[in-house]
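What follows is a short report on a single structure.
None of the figures in this text is laboratory data; all of them are computed from the coordinates on show. Owing to the predicted nature of the structure, the values given are computational and were not obtained by experimental measurement. Cβ coordinates were reconstructed from backbone atoms using ideal geometry, including for glycine residues, and neighbour counts include every protein chain displayed.
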Protein chains: 2
Amino acid sequence: MKSNITIKDVAKKAGVSISTVSRVINDSKPVTDEVKQKVLDVIKETGYIPNPLARSLVTKKSQLIGVIVPEVSDSFVNEILNGVEEIAKMYDYEILLANTYSDKEQELKSINLLRAKQVEGIVMISWIVEEEHVEYMQKCGIPASYISKTARDYDIYTVSTSNVDATYDMTKYLLDKGHEKIAFVMTSQDDTILERERLAGYEKALTERNISLDENLIKHGTTTYEGGYNSMKEMLDQGVVPHAAFVTGDEAAIGAINAICDSGYRVPEDISVAGFNDVKIAKMYRPKLTTVHQPLYDMGAVAIRMVIKMINKEILEDKKIELPYRIEERESVIERR
Amino acid sequence: MKSNITIKDVAKKAGVSISTVSRVINDSKPVTDEVKQKVLDVIKETGYIPNPLARSLVTKKSQLIGVIVPEVSDSFVNEILNGVEEIAKMYDYEILLANTYSDKEQELKSINLLRAKQVEGIVMISWIVEEEHVEYMQKCGIPASYISKTARDYDIYTVSTSNVDATYDMTKYLLDKGHEKIAFVMTSQDDTILERERLAGYEKALTERNISLDENLIKHGTTTYEGGYNSMKEMLDQGVVPHAAFVTGDEAAIGAINAICDSGYRVPEDISVAGFNDVKIAKMYRPKLTTVHQPLYDMGAVAIRMVIKMINKEILEDKKIELPYRIEERESVIERR
DNA sequence: CTGAAAGCGCTAACAA
DNA sequence: TTGTTAGCGCTTTCAG
């Protein structure tokens, strides 16, 4: 049973040459039915499994696709990963995961690690796209697609949803519900492009209503629950009490809700809260979170399909795919009386 | 830059033989400092990366460890995975993940897939341990460790926490808080051993207080949020209103809480709820979930350390490692007045 | 339709 | 200390 059985053993036992065995396992060339059956029997009998290492070494195909993520346990990432994985399996690719913890150095290391492992393509999920890394990957000529909220500026294959529009729409929605003092808690770890874009959407909506930007209502946090909690807590402790809070990440939004409750306010009665992404927990928490729904699973699926197509040298219609988002009205935002 | 550079190219460019190059990249044999430097320079210059496929083919070491899980997105699994991953990286192993969706067939397929991919060992996370699969793995002689709540019965390497004791303790805790009608919602997809064990713990605690088992208070659900929601909803709809509910999984417990709230009761004022595992969301939800804390990260770390040791033929003191659990008192359980 | 042989990129004896 | 050489298990010409 120990997998020491090689193609040679099978060939000997079946009384044929190794090339014949190779032909039947790949059915790459015609083989007499009789011989074929014989070989198949021996394979079953011995429990032979072809060694993919040896195979890859000669074919240069590893059937491996690398996926680089900022943090596996982040639910946003997680749900995208589901899509990536399922499609990969469908096409008989294996996923090699690399976690960067949003560290630029680590990201570069991961690229090299994956390259070393002979991945045929890479799906990159990243909060911020590093120009340097983009160039590096292009120079390596490795098929890649990006899932990122800031990738549109580069000449690379990306799947995304529109940030500015979504932020604008949600802010507008909040405004329409009668909220004027809207806290804006960003969750984008010191990235300038992303924050700038989002801020632009937020600002645009306010400006349309002739509401001026209040710096005290803006916080730069992180994507985590703790990030949202701390940002909100800080604001409240400074005596700034908004009508509503728009937090650009669901876990952080829930952190914010808890901070609000811990400070003695109620959600949504006193302060409405809106999130971003629509991850699983958004429906589990009470009050259910009103949020910007993103088709996470699909984003993953589309991204990996792109790289598989690139691997197969198929033609891709679009370099940039933008998937639709929508505002998912639930319970955490109510009309302000 | 394209990684077509082989050891040969480096050798030629450095004016040495390929074995010398091999020696410096592995520093397996002494090489003159001068020559070494020369080779190192060429490597840097060309951006050469050794092909691990070729290397593995000859050394028979893939630096790959397979991890089989019932469901990546389950937070219990997820948090264990963090531990597994981190330790793997520490020892320079790469993780190959296989998702079985708790399907027996798929699990067998995964074992073979991983075997085919030449993994050096396997960490198996599974709700139920299949005897058949255990035997198969043993026959293959592949180093493996199991994280499972029902693995103790087999002669295999396992890491776990004590189910019966934990269930007993939590039930007792609930009893001590003055709850007598305690709903018991299991989350173990039709597994008999696990359910039997847990039920035993639950029953033992009740018996000690001379409380007889009420079948109406017992539900067999699934690990998911929905599973917990539906089980609880069903019970309530049948007119059975317990003093407390003990749900053997946190996500399901939160589902149960929501079902309770949706039926017009309050948690914990009307009905207390306790969970199991202590995953991230247990602290995020409000009321914060009182639950059985399990050292998830450590379980993963210990499990993979076991297989790494087995790979290195080191001696393992224990075949069965049982990690401590504890009852984490938070807000979802209160004293019954 | 089948076999012999070359070679994928690397490591590990074995000589020198 | 270094180079030569024989494979690792497989696919793929190239002859037959």
Report summary line: Label points for A:Glu234 built 7 Å along Cα→Cβ; distances to same position in the other copies, nm, shortest first, come to 4.7
Query - Rounded to whole Å, sorted largest first: equivalent-ellipsoid semi-axes of the range A:7-59, Cα gyration tensor - result: 17, 13, 9
Query raised in the report: In what order do A:Met310, B:Met232 fall by count of nearby beta-carbon atoms within 10 Å, going from fewest to most?
Result: A:Met310, B:Met232
**Report entry** Calculated FRET value between B:Lys288 and A:Asp214, using beta carbons and R₀ = 45 Å, to 0.05
**Finding:** 0.85
Report task. Counting helices only, and only those DSSP H runs with n ≥ 4, report the 222 nm mean residue ellipticity of chain A as the sum of -39,500 (n - 2.57) divided by its residues, in deg cm²/dmol to the nearest 500. Result -> -14500 deg cm²/dmol
Report task. Please order B:Thr158, B:Thr150 by the number of other Cβ within 10 Å, starting at the fewest. Result -> B:Thr150, B:Thr158
Report task. Express as a percent, rounded to the nearest 5, the fraction of DSSP beta bridges in the range A:148-283 (both residues included) that run antiparallel. Result -> 0
Query raised in the report: A:Arg326's amide H: which non-local residues (gap 5+, or another chain) put their own amide H closer than 5 Å, with H modeled 1.01 Å from N in plane and none for Pro or chain starts?
Result: A:His293
Query raised in the report: What is the set of long-range amide H partners of B:Leu64 at a cut-off below 5 Å, with H atoms built 1.01 Å from backbone N?
Result: B:Glu94, B:Glu120
Query raised in the report: Taking the alpha-carbon centroid of each part, what is the distance from the range B:152-228 to the range A:163-225 in angstrom?
Result: 47
Report task. Just flag the chymotrypsin sites (Phe, Trp or Tyr not before Pro) in the range B:77-153 sitting in loop per DSSP whose Cβ has no more than 10 other Cβ atoms within 10 Å. Result -> B:Tyr101
Query raised in the report: When the Karplus curve 6.51 cos²θ - 1.76 cosθ + 1.60 is applied with θ = phi - 60°, which whole-Hz ³J(HN,Hα) does each residue of the range A:6-20 get, with x for Gly and Pro?
Result: 10, 4, 4, 4, 4, 4, 4, 4, 8, x, 10, 8, 5, 5, 5
Requested in this report: Can you figure out the FRET efficiency of B:Glu131 with A:Ile18, using R₀ = 45 Å and their beta-carbon distance, to the nearest 0.05?
Outcome: 0.75
Report task. Rank A:Lys320, A:Lys219, A:Lys44 by mean-square fluctuation in a GNM of chain A with C-alpha springs under 10 angstrom and give only the top-ranked residue. Result -> A:Lys44
Report summary line: In the protein assembly as shown the DSSP beta bridges are antiparallel at a rate, in percent to nearest 5, of 10
Report task. Assign one of three labels to the range B:163-294, namely rounded, prolate or oblate, based on the Cα gyration tensor with a ≥ b ≥ c the square roots of its eigenvalues; rounded applies when a/c is under 1.5, prolate when it is not and a/b is larger than b/c, and oblate otherwise. Result -> rounded
Query raised in the report: B:Leu316 label points, 7 Å along Cα→Cβ, one per copy: pairwise distances from this copy to the rest in nm, shortest first?
Result: 4.4
Query raised in the report: What is the set of long-range amide H partners of B:Phe184 at a cut-off below 5 Å, with H atoms built 1.01 Å from backbone N?
Result: B:Ile218, B:Lys219, B:Phe246
Query raised in the report: How long are the three semi-axes of the equivalent ellipsoid of the protein assembly as shown, in whole Å, if each is the root of 5 times an eigenvalue of the C-alpha gyration tensor, listed from largest down?
Result: 46, 36, 21
Query raised in the report: Plugging the Kirkwood radius over Cα pairs into Stokes-Einstein for chain A, at a temperature of 10 °C and a viscosity of 1.306 mPa s, what D comes out in µm²/s?
Result: 71
Report summary line: homo-copy label distances at A:Glu34 (7 angstrom along Cα-Cβ), nm, one dp, ascending, are 6.7
